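No value in this document is a laboratory result; all are computed from the given coordinates. Remember, it's a predicted structure, so these values are computed and weren't measured experimentally. With ideal geometry, Cβ positions are generated from the backbone for all residues, glycine too; neighbour counts draw on all protein chains shown.
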Amino acid sequence: MRVTVVGTGYVGLIAGLGFAEFGNDVICLDVEAEKIESLKNGKCPIYEPGAGDLLERNLRAKRIRFTTEAREAITFGELIFIAVGTPEDENGNADLRYVYETAREIGAYMNEYKVIVDKSTVPIGTSREVTKIIQDELDKRGEALAFDVASNPEFLREGKAVGDFLNPDRIVLGVESLRAEKKLRKLYHVFVRSKKPMIVTTPETAEMIKYASNAFLATKITFINEIANLCDKVGANAIEVASAMGADGRISPKFLHPGPGYGGSCFPKDTKALAGTGRKYNAPMTVVESVIDANERQKELAAEKIISAMPDGGRIAVLGLSFKPETDDMREAPAITVIDRLLKTEKFQIKVYDPQAMETAQMVLPKDKLQWCQSTKEVLKDIDAVAVLTEWAEFRNLDSELLSEVMPGGKVFDLRHIFDRREMEEAGLQYIGMGF
Ligand SMILES: NC(=O)c1ccc[n+]([C@@H]2O[C@H](COP(=O)([O-])OP(=O)(O)OC[C@H]3O[C@@H](n4cnc5c(N)ncnc54)[C@H](O)[C@@H]3O)[C@@H](O)[C@H]2O)c1
């Protein structure tokens, strides 16, 4: 099939590559010329394991192209996926300006029947608004072209995006016409063989499924974080609690890892947008509202743990900056809040290192106030403490002997539970966890 993807970020790029990998003819459109240039040259502008190989293979097979020309991209696809960003606006709602801009361009350039598919995470009712914008543009042109708007939310996780896209848990299709449903079923036919559940529903339900899923996962993380905070006070071990809870098939062990709060490009903005929708329709999302507050407190609490254990400050190595491992995405990373709080005390000299997010981190952290290191070895020199903010695999290999050598009697703030308390304490280090 001829597929157009608008937006080549974490979702659009992986979706475009995935559709190409399934044998479709794909064109990806973005407004960022630099990104498109890099992609044309086979260079992935984001760090996402496996994406580089897919890019190379599909460029070589001529199944994927990249462009900044909206007309070219929009006239090409029989299916047009909207995968542009929907960041948070100043009131905490989803900022839909890029989605609407794309809709206007589609209306301005489309030349035949198209199925326009919202893959971006958009508030309930957006597909109706997109339909209206496209129709208005067509009316302005005096064109009577048929089109359908569908919703196909994306559930991939950064860091595992390729695997998730090629092997999803489920496909959700929100469609209103049989014609659109047929086209989407044909595109996703590859998953029928692997018996992936395909949920075909209305656009409103599809939009809600995405928000409800993300809000639920954010709630699960926040729940175990609060249990961990209480474990700290009463002398219980939150890791053992989570593990025993997770053994219950109704609960599952996933998303039950205590830490410094969730971050990333999705959970923070999607929980706020859902809470906002609840307020708008007078159906309060009280659980989600308190999750949002509790998560903010959790990031502060993580910083507070460090500050109260080091009242005179000191030299600290921050291990990991990205909001989770295997990505260079710094959006809403807990490291931002924690580092900001430490700097505010004016008592800490902070060294930082992340295996992939150094460049993106320099855009959001105060560049001149931190010492940027190029390796784990370098960040561990001349320090009094380490704080693990992202559980990258390479930090897991740090053993207690090495740490006690570089900072005898030093403090280990293991905010992601990658070390063993007993081992650290036996090496004379002071171990501080989050409920463990
Ligand atoms: N990142 C994730 O893990 C994830 C997972 C599931 C869903 N989502 C959702 O998918 C959407 C995209 O997220 P992302 O992380 O890929 O965003 P992103 O910011 O990484 O990428 C968005 C891209 O869209 C481009 N763009 C903006 N306006 C455009 C226009 N008019 N024409 C062409 N390109 C345009 C931007 O230049 C950018 O490259 C969001 O709604 C997000 O909530 C994200």
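In a fully extended conformation the segment linking R170 and A144 would gain 5.8 nm over its present Cα-Cα distance, using 0.36 nm per residue. R0 = 35 Å: FRET efficiency of T345 with R422, Cβ-based, nearest 0.05? That gives a FRET efficiency of 0.70. Of all DSSP-defined beta bridges confined to the chain, some 5% are antiparallel rather than parallel. Ordering W392, W372 from the fewest to the most neighbouring beta carbons within 10 Å gives W372, W392. Put a dot 7 Å past the Cα of A309, heading toward its Cβ, do the same for R157, and the two dots end up 2.6 nm apart. From least to most packed, judged by other beta carbons within 10 angstrom and beginning with the fewest, T4, T286 follow the order T286, T4. Of the trypsin sites (Lys or Arg not before Pro) found in region 217-306, the ones in coil according to DSSP and having at most 12 other Cβ atoms within 10 Å of their Cβ are R250, K254. With each label modelled as a point 7 angstrom along the Cα→C-beta vector, the D368-T205 pair spans 5.7 nm. In percent, rounded to a whole number, the relative contact order of region 72-131 is 45, using alpha-carbon pairs under 8 Å and six or more apart. Extension gain, K381 to R179: 0.36 nm times the residue separation minus the Cα-Cα distance gives 66.4 nm. Arranged from fewest to most other beta-carbon atoms within 10 Å of their beta carbon, I80, I307, I74, I239 become I307, I239, I74, I80. Cross-link partners among lysines for K369, C-alpha distance below 29 Å, same-chain residues fewer than 8 apart left out? Within reach: K269, K299, K305, K324, K344, K347, K351, K377, K381, K411. With the charge dipole of the chain set up from +1 on Lys and Arg Cβ and -1 on Asp and Glu Cβ about the Cα centre, the Cα lying farthest toward the positive end among the listed residues I306, I339, A294 is that of A294.
Straight-line cross-link reach from K132 at under 19 Å between alpha-carbon atoms covers these lysines, not counting any fewer than eight positions away in the same chain: K114, K119, K140. Pair-distance distribution P(r) for region 91-218, from all Cα-Cα distances in 5 Å bins starting at 0: 2, 10, 19, 21, 20, 15, 8, 4, 1, 0 percent.
Summing Cβ point charges (Lys, Arg +1; Asp, Glu -1) relative to the Cα centre of region 248-372 gives a dipole of roughly 180 debye.
For the chain, the Cβ-based charge dipole about the Cα centre amounts to some 1160 debye (Lys, Arg positive; Asp, Glu negative; other atoms uncharged). Between the helical axis of 51-60 and the dominant principal axis of the chain, each derived from Cα atoms, what acute angle in degrees is found, rounded to the nearest 10? Once rounded, one gets 30 degrees. Less than 5 angstrom separates the built amide H of T201 from those of L173, G174, V175, all sequence-distant by 5 or more or on a different chain. Taking a ≥ b ≥ c as the square roots of the Cα gyration tensor eigenvalues, region 282-375 comes out oblate, since a/c reaches at least 1.5 and a/b does not exceed b/c. By its C-alpha gyration tensor, with a ≥ b ≥ c as the square roots of the eigenvalues, how is the chain shaped: rounded for a/c under 1.5, else prolate for a/b larger than b/c, else oblate? Prolate.
The HN-Hα couplings worked out from phi for region 266-280 by the Karplus form 6.51 cos²θ - 1.76 cosθ + 1.60 (θ = phi - 60°) are 10, 4, x, 6, 6, 5, 5, 5, 5, 4, x, 5, x, 5, 4 Hz, whole numbers, x standing for Gly and Pro. Across R185, R331, R422, mean-square fluctuation computed from a Gaussian network of the chain (C-alpha pairs under 10 Å connected) peaks at R422.
Projecting the Cα atoms of V162, L187, L54 onto the dipole axis of the chain, where Lys and Arg carry +1 and Asp and Glu carry -1 at the beta carbon, places L187 farthest toward the positive end. Given the options A20, T121, V379, identify the residue whose Cα lies farthest towards the positive end of the charge dipole of the chain (+1 on Cβ of Lys, Arg; -1 on Cβ of Asp, Glu). Checking the options against the dipole of the chain, the answer is A20. Sort region 2-201 into rounded, prolate or oblate with this rule: let a ≥ b ≥ c be the square roots of the eigenvalues of the Cα gyration tensor; rounded if a/c is under 1.5, and if a/c is not under 1.5, prolate when a/b is larger than b/c, oblate otherwise. It comes out rounded by the Cα gyration axes. Summing charges over all other residues whose Cβ lies under 12 Å from the Cβ of Y109, with Lys and Arg as +1 and Asp and Glu as -1, gives -2.
Annotation for A212 and N282: the two label points, set 7 Å from Cα along the Cα-Cβ direction, are 2.3 nm apart.
Kirkwood hydrodynamic radius, computed over distinct alpha-carbon pairs, for region 224-320: how many Å, to one decimal?
The Cα-based Kirkwood calculation yields 15.6 Å.
Highest GNM mean-square fluctuation among H189, H257, H417, for the chain modelled with Cα contacts below 10 Å: H189.
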